[in-house]
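See structure below.
Any read-out appearing in this document is the output of simple, stated calculations on the displayed coordinates, not a laboratory observation. Small disclaimer: the values here were computed from a predicted structure and weren't measured. Using ideal geometry, Cβ is built from the backbone for each residue, glycine included, and neighbour counts are taken over all protein chains shown.
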Ligand code: PHE
Ligand code: ZN
């Protein structure tokens with residue numbers, strides 16, 4: 001079967017402009033779940049007036065039943081066009097004209113959740129990246145911008161609410177139980193930003209004032225019964241609007257801005273113009289059902305989608321290779337939004353620490369997910385050069401590393417020049433579909449307005465080169481001078497063997513050993529490489545001589561994680577202990593702790609469980625110092641006490657790894673710390689266990705709970721029944737999901753199988769889909785170190801649970817992603833049974849929802865990093881998936897590259 005359909009590869013270099021514009025698009029939907037009629041009226045004209053006559057008009061379309069085509073009012077016979085399974089070509093359309101097309105589609109058969117689909121009886125669309133072509137024939141590419149008018153005809157009883165982009169311009173009853181609404185979007189947009197929603201919904205709404213003083217209507221739509229979960233999303237939306245105005249000078253440009261939540265959604269949320277559609281997971285939030293992390297995520301995703309209104313919608317992408325143009329930039333913006341929200345109302349020192357906490361959280365994601373991607377078979381530059389299936393390129397590289405690349409420009413330019421660059425970007429490109437190069441060009445202009453001698457020439461390699469650069473740093477300090485040598489190297493990635501040096505901004509400081517204070521930075525030569533505290537590191541090996549350093553210092557490098565690189569520094573263990581306690585950059589304090597923990601765990605791993613090494617001693621020292629330091633905020637301390645994730649550890653180890661052994665090594669250090677500092681953890685816990693206090697979500701309360709629950713995890717890890725009872729008591733007393741979940745996960749992950757709390761939880765929440773997801777996820781993530789439970793067996797049984805279905809992406813992820821991507825010690829079990837179960841599920845999901853299947857298929861991306869015995873078992877299952885009949889292009893690309 002393998003060669004049944006050879007994969008097609010698309011290349012960035014092949015971009016050509018379309019033959020025709022479609023300046024206006026009128027759509028009329030007659031909504032019927034099993035057979036919806038879509039009638040379109042497209043006004044087209046040649047793209048460029050120098051185009052020759054008689055160029056074909058090429059429209060994309062998939063799985064459509066074509067009824068008729070009219071050109072300028074005349075029905076076309078089949079000789080005038082060519083229909084294929086990917087589209088419709090009109091042979092001689094003329095230089096301009098009107099095309100009318102009628103097709104039929106089957107929304108209730110659509111389990112892929114791309115195009116128009118039915119969820120719980122309601123209609124939703126998802127068009128990014130190429131879903132619109134499953135709705136009607138169209139020029140489904142982001143550089144074709146069209147002004148849309150949409151008419152929705154639906155059954156009044158079953159689908160009383162019908163929404164589309166823009167403004168509601170007409171609404172009436174049609175008789176025979178039907179009603180219609182008509183919507184007009186004043187802004188031209190590409191088809192991927194089109195949306196419609198129809199069904200039974202209720203909304204929370206508010207009117208706010210736009211920048212021009214005129215009112216705008218904000219609405220959050222949900223299915224009946226869920227209005228009590230929408231307050232926080234509405235607040236987040238209002239905060240986003242204010243923040244974008246204040247920090248970026250960007251105004252809401254619509255009279256009406258709607259958010260709609262659906263339980264069936266492939267991704268997080270979608271920024272359709274004026275009609276954002278969200279996974280319920282990123283809208284619903286109340287104390288009973290959402291954890292603090294859920295609240296944080298709702299705020300940031302609401303922000304993200306709102307910020308796309310400018311970075312994505314007003315200025316969009318020319319082609320999908322430019323995806324990071326909108327995603328990297330918008331992630332950067334949502335990260336800054338969250339950081340500003342976390343720091344709001346705090347004094348300078350506290351605000352600094354709050355921002356650092358957010359930065360640490362973001363870097364943890366980058367290291368745990370993006371670094372492995374950059375080191376694996378799917379590695380690609382943030383602006384990829386090729387793809388087989390664009391859906392596979394909504395990656396942590398395009399998004400999170402993309403955001404890092406924007407952040408580095410922000411670091412190089414500073415806030416003021418960066419904002420000037422944004423201004424130039426919008427002046428030049430508002431209303432256009434552009435490229436990453438256009439963005440860097442705008443930033444470069446802003447930079448050169450202030451510093452004509454500087455440029456971003458070498459910086460652009462970050463857009464074209466994949467892989468995580470490795471930076472090594474060494475230094476000597478003598479006679480008042482510190483000579484710092486930096487080297488960089490980037491390992492080969494698919495299709496890129498050797499890479500020129502990156503322009504790496506290294507934010508740094510020298511911390512005086514005696515005082516703990518930063519000393520002023522002075523470069524002796526090539527002084528123009530230093531801008532404030534940021535060093536331009538641009539060569540493969542570069543030496544910098546700093547002067548005025550009479551007293552011994554410890555360099556603090558890559559502060560705030562100023563570049564997405566792997567830093568190997570010559571710090572001694574003592575240096576790291578010093579930095580963990582005294583670095584004036586909170587990020588680097590945290591990172592010094594992580595380095596020590598990581599070294600200690602790797603030692604234990606290599607010494608088969610022995611804990612008598614120097615690094616283990618250092619880890620104990622670090623924790624002792626942290627616990628003694630009364631200046632630290634709860635949020636920071638919670639992060640500093642947590643050990644690096646298993647994924648991060650596996651990646652950091654240079655060699656073939658056994659994830660099961662790594663899990664036990666990590667557990668060994670955790671238990672050692674837990675035993676050593678049991679009393680301290682108990683004290684932290686007791687001081688923050690404010691049972692009975694009303695819950696409120698705010699950054700300070702959330703960080704208190706975070707620290708309390710980190711302490712609880714240590715307590716339970718080290719303890720016996722008594723400590724497990726602390727968790728059980730917390731479960732019983734909790735009035736919010738954060739404490740309830742923390743308690744339950746400790747009980748389920750450490751205690752005997754099937755604790756009564758698990759049943760109680762299901763009983764309590766079985767009508768709340770998102771809570772049921774949590775219930776499945778908890779059980780699928782019980783690690784191998786819990787000897788009471790056979791997690792793979794549990795997962796197999798849960799697959800048959802009446803509440804389980806692979807059709808709902810959140811539910812599918814709650815078991816499959818949980819055990820294959822968040823539970824290494826079980827997934828990589830030496831029997832190979834984890835891989836076999838993974839393959840079964842990827843194969844089953846492939847026919848239901850290729851996009852979600854392809855994400856799960858990435859679970860074995862890093863199989864060549866496993867020890868040989870595991871590699872062999874993984875290989876067998878990868879082959880099995882590849883040999884599957886009717887493998888989707890989505891899954892084929894992922895597995896094919898893994899096996900390449
Ligand atoms: N563009 C969406 C976002 O990042 C993500 C998305 C992509 C959603 C594709 C659905 C499909 O905000
Ligand atoms: Zn986005």
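Numerical summary
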read-out	value
Peptides ranked, highest mean first, by Cβ atoms within 10 Å: ranges 883-896, 412-425	883-896, 412-425
Highest to lowest packing among 533-540, 82-89, 50-57, 129-136, scored as the average C-beta count within 10 Å	129-136, 533-540, 82-89, 50-57
Geometric extent, Cα atoms of region 620-754 - Rg, Dmax (angstrom)	15.5, 50
For region 255-317, diffusion coefficient by Stokes-Einstein and Kirkwood Rh (Cα), 25 °C, 0.890 mPa s, µm²/s	203
Cα-based convex hull volume of the chain per residue, rounded to whole Å³	168
For peptides 13-23, 829-839, 184-194, sequence by mean Cβ density within 10 Å, most packed first	184-194, 829-839, 13-23
Estimated translational D of region 175-261 in µm²/s (Stokes, Kirkwood radius over Cα pairs; 25 °C; 0.890 mPa s)	164
Cα principal axis extents for region 712-863, largest first, Å	46, 36, 22
Angle in degrees between helix 889-899 and the longest Cα principal axis of the chain, rounded to the nearest 10	30
Relative contact order (%) - the chain, alpha-carbon pairs under 8 angstrom, separation at least six	9
Gyration tensor verdict on region 177-333 (Cα atoms; rounded if a/c is under 1.5, prolate if a/b is larger than b/c, oblate otherwise)	rounded
Simple spin-label estimate for residue 208 and residue 522 in nanometres, 7 Å along Cα-Cβ	5.0
Region 797-814 and region 241-261: distance between their alpha carbon centers, rounded to Å	36
Relative contact order (%) - region 456-588, alpha-carbon pairs under 8 angstrom, separation at least six	31
Relative contact order (percent, whole number), region 690-745, Cα cutoff 8 Å, 6+ residue spacing	39
Antiparallel %, DSSP beta bridges [both residues in the chain], to 5	80
Ellipticity estimate at 222 nm from DSSP helix runs (n ≥ 4, -39,500 (n - 2.57)) divided over the chain, nearest 500	-12500 deg cm²/dmol
Centre separation in Å (Cα based) which lies between region 198-219 and region 880-895	44
Cα-based Rg and Dmax for region 379-434, where Dmax is the largest Cα-Cα distance (Å)	13.9, 40
Shape call, region 773-900: gyration tensor on alpha carbons, a/c limit 1.5	oblate
Spatial separation of Cα centroids for region 43-68 and region 738-768, in angstrom	57
Förster radius 56 Å - calculated FRET efficiency between residue 457 and residue 572, Cβ distance, rounded to 0.05	0.90
Orientation-averaged projected area, Cα convex hull of region 516-559 (nm²)	3.6
Relative counts (whole %) of C-alpha pair distances in region 65-215, using bins that are 5 Å wide	2, 8, 13, 18, 20, 17, 11, 6, 3, 2, 0, 0
Rounded tilt (10° steps) of 756-765 against the dominant C-alpha axis of the chain	30
Pairwise Cα inverse-distance average, inverted: Kirkwood Rh of region 279-370 (Å)	14.6
Between helix 833-848 and the chain: long-axis angle, C-alpha atoms, 0 to 90°, nearest 10	20
Cα gyration tensor shape for region 216-271, rounded if a/c is under 1.5, else prolate or oblate	prolate
Along principal axes, Cα extents of region 140-193, largest first, whole Å	40, 19, 13
Proportion of all alpha-carbon pairs of region 93-148 beyond 12 Å (%)	71
Inverse mean reciprocal Cα-Cα distance (Kirkwood Rh) of region 200-239, Å	10.9
Ratio Rg/Rh [Cα only; Rh per Kirkwood] for region 356-512	1.00
